[in-house]
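These notes concern the structure reproduced below.
The values are calculated or read from the model by the stated rules, or taken from the named source; none is laboratory data. Small disclaimer: the values here were computed from a predicted structure and weren't measured. Note that each Cβ is placed from the backbone with ideal geometry, even for glycine, and that neighbours are counted across all protein chains shown.
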Amino acid sequence: MKKKYTYLIPSLIAAALALGVFVGGKLHFNDTPERLFTTNSKKDKLNRLIDYIDYEYVDDIDTDSIVDVTVNSILEKLDPHSVYIPEADMARVSESMKGDFVGIGVNFYPYKDSIAVIRAVKGGPSFLKGIRAGDRILMANNDTLFGKGMPSSAIVEKLKGKEGTKVKLTVYRKSEDKTLTIDVKRGIVPIKSVESHYMLTEEMGYIKVNRFAESTFREFKSALTKLQKNGAQKLVLDLRDNPGGYLGVAEQMADEFLKEDKLILFTKNKKGKIDKAFATDKGSFEDKPIYVLINERSASASEIIAGALQDNDVGTIVGRRSFGKGLVQREMALGDGSAVRLTVSRYYTPTGRSIQKDYQKGNKDYYKRFTERYHNGELFSVDSIKVADSLKFKTPKGKVVYGGGGIIPDVFVPIGSNEEEAVRSMDSYGFLSFFVFEHLDADRGRYEQYSEEEFITDFKVDDILFQEFVDYSLKRELSMDFYGNQEGIKLYLKAALGEQLFDANAHAKIKGTRDAMLQKVLELDKPAVSRTEEDAIKATN
């Protein structure tokens, strides 16, 4: 079925997984009906209703689905971030937050009637066995993986297994027109949360973090250490589109930039208990310039870091107002393989501000408030951001900051035009990536001459490839001004090629050359005298 793509503007990454909790127990049929309505029966009502349906209802009903719907409705009455995780989703959610899984280590597309390898994870089991981009995985042991209609989840389950176990893969190598049998030993495959890192200039490093999982701080620390060895004395920490994760990991990361005993945040629960988190003496990047990039989809743990640095007068926050999530959840097992992440406290930045936006009018209104940011102009102009004087706070050095609805950056960078955002969305949602995969699959050999460095500096997307993309898009009913945005589209096509041919760092480096926020950072980082001279030159021209 064809998908129709129209102008894509920033929108909320849906924050809730859909919610609920079910208190178990069996119905005692010898209880009197009146017991259902006694003051001690609140916890029994839901259990009794489900059992009545199980035993007495005229038709057979899947009561598990009823429970999910019911408990989701319960949590919707609380707040937008208390979520229910069904048993069927727990493994996937746990893997994502753990930061790794056991598998064979390939990125793939279910393409036409087979499994096409996009790229083998560098250093992973398949990579070490010589599996290449473009290979088709036809069988895993005796399980057939080709044929139309096989869902990705079923494929993944056949490729996963216990660490150290072997799987015999039947692989068709299109480039050589031959079928291979390759034994791969399953191993730990990372789900990277540090998406990319590289030297932006001779002195400035760049790290992009896409979420806060168990492995995130280790990944971050490793990336930071490498950058410091390469001469990084300044850092750009990119938290754009980062929805958050573990609070403790955010505390560890903030500690890298704050001096000992500086307050990172404090939390307060319903009983008024306050817990404070302070920086230690372990920070490796204290007293050095740090720029934190945020946007309207930076939330939770991302806001903790931005708020901690801003309130301690450390670094510069660059971008647009963040999402505004100041609630803390704790995951609680429900005994049947499912769990609930229940909001148990609020967090506050060091100056005492809560950045949680109002949710008293329900979830629909909560998310509507987010989309209104686009329509009221605040993504285009900092002057359109509405703030309340009652939520005004001051940092130790006297800088005014505000609570209520996100972190307002120190330096504002507006969102791009609809057309520019459409190109970014084609990249983030995989549209460009799939086109590039098909392009490479037709003839991967044309790029073999390039090293990663040569590709980044020398390769240019020509008009032929651009026109192929235009034709590809039009067939899929994507509507935009392609020729008016030719330069940007070519850049993103090159970035998508770089990612599939090399890695995520190549993708980030290429996109960074036209990234408005990164360009703003480079402008801010110029010595004051250079900016003064530059302004004088402009004034005389």
> Restricting attention to region 471-494, and to residues there that are among the small types (Gly, Ala, Ser) and under 24 Å from ALA508 (Cα atoms), which single residue is surrounded by the most Cβ atoms within 10 Å (Cβ to Cβ)?
Replying inline: SER473
>> Can you list residue pairs whose Cβ atoms sit under 7 Å apart, with the first residue in region 88-107 being in contact (Cβ under 8 Å) with a residue 60 or more places away in the chain and the second being charged (D, E, K, R) and surrounded by fewer than 16 Cβ atoms within 10 Å (Cβ to Cβ)? Count only pairs 6 or more apart in sequence or on different chains.
In response: VAL102/LYS162; VAL102/GLU163
> Is there a residue being within 15 Å of ASP311 (Cα to Cα), assigned by TED's automatic domain parsing to the domain that holds ILE207, aliphatic (A, V, I, L, M) and in a loop (DSSP other than H, G, I, E, B) anywhere in region 263-281?
Replying inline: yes
>> Condition check: modelled with pLDDT of 90 or more, polar (S, T, N, Q), over 25 Å from the mean Cα position of the chain (by Cα) and not assigned by TED's automatic domain parsing to the domain that holds LYS494. Does THR395 satisfy that?
In response: yes
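For (1) farther than 18 Å from ALA506 by Cα; (2) small (Gly, Ala, Ser), each residue gets a yes or a no:
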residue	(1), (2)
SER153	yes, yes
GLY187	yes, yes
VAL194	no, no
MET199	no, no
GLY205	no, yes
ARG218	yes, no
GLN228	yes, no
> Looking only at region 422-438, which residues are buried (at least 19 other Cβ atoms within 10 Å of the Cβ) and farther than 14 Å from ALA495 by Cα?
Replying inline: ALA422
>> When the residues of region 352-365 are narrowed to those that are polar (S, T, N, Q) and surrounded by fewer than 19 Cβ atoms within 10 Å (Cβ to Cβ), which ends up farthest from GLY398 (Cα to Cα)?
In response: ASN363
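Among SER300, SER284, which is the only one that is polar (S, T, N, Q) and over 18 Å from the mean Cα position of the chain (by Cα)? Break it down into steps so the answer makes sense when it comes.
On the way: SER300 fails: over 18 Å from the mean Cα position of the chain (by Cα).
Exactly one of SER300, SER284 is polar (S, T, N, Q) and over 18 Å from the mean Cα position of the chain (by Cα), namely SER284.
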> Is it the case that region 501-508 has a residue that's surrounded by fewer than 21 Cβ atoms within 10 Å (Cβ to Cβ), more than 22 Å from THR201 (Cβ to Cβ) and either in contact (Cβ under 8 Å) with a residue 60 or more places away in the chain or of a type in the set (D, E, K, R) (or both)?
Replying inline: yes
> If we scan region 91-104, do we find a residue that is more than 30 Å from GLY337 (Cα to Cα) and of a type in the set (Lys, Arg)?
Replying inline: no
>> I'd like the residue in region 379-392 that is over 13 Å from LYS357 (Cβ atoms) and in a loop (DSSP other than H, G, I, E, B) and, out of all such residues, is farthest from the chain's Cα centre (by Cα).
In response: SER381
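For residues that are within 17 Å of ASN142 (Cβ to Cβ) and under 32 Å from the mean Cα position of the chain (by Cα), scanning just region 158-170, find the one that is surrounded by the most Cβ atoms within 10 Å (Cβ to Cβ). Steps first, please.
Restricting attention to region 158-170, the residues satisfying the condition of being within 17 Å of ASN142 (Cβ to Cβ) are 158-161, 165-170.
With the extra rule that they be under 32 Å from the mean Cα position of the chain (by Cα), the set shrinks to 158-161, 165-167, 169.
Values: LYS158: 17, LEU159: 22, LYS160: 18, GLY161: 17, THR165: 12, LYS166: 12, VAL167: 20, LEU169: 24.
It comes out as LEU169.
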>> If I filter region 471-490 for residues that are under 21 Å from ARG119 (Cβ atoms), of a type in the set (D, E, K, R), out of contact with any strand residue (DSSP E or B) (no Cβ under 9 Å at 6 or more places or on another chain) and at pLDDT 95 or above, do I get at least one hit?
In response: no
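How many residues are outside any loop (DSSP other than H, G, I, E, B) and surrounded by fewer than 19 Cβ atoms within 10 Å (Cβ to Cβ) when one looks only at region 330-340? Write out each step before concluding.
In the first step, residues of region 330-340 are kept if they are outside any loop (DSSP other than H, G, I, E, B); the result is 330-333, 339-340.
When the remaining residues are screened for being surrounded by fewer than 19 Cβ atoms within 10 Å (Cβ to Cβ), the result is 330-333.
The qualifying residues number 4.
Each row is one residue, and each column tells you yes or no for (1) in contact with a Phe, Trp or Tyr (Cβ under 7 Å, 6 or more places away or on another chain); (2) outside the structural domain of TYR367 (by TED's automatic domain parsing); (3) under 30 Å from GLY231 (Cβ atoms).
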position: GLU286; (1), (2), (3): yes, no, yes
position: TYR291; (1), (2), (3): no, no, yes
position: SER300; (1), (2), (3): no, no, no
position: ILE305; (1), (2), (3): no, no, yes
> Given the conditions (1) part of a loop (DSSP other than H, G, I, E, B); (2) under 25 Å from the mean Cα position of the chain (by Cα); (3) more than 16 Å from ASN242 (Cα to Cα), and given that PHE323 satisfies all but one, which numbered condition is not satisfied?
Replying inline: (3)
> What number of residues in region 63-122 are closer than 28 Å to GLY134 by Cβ and of a type in the set (Ser, Thr, Tyr)?
Replying inline: 4
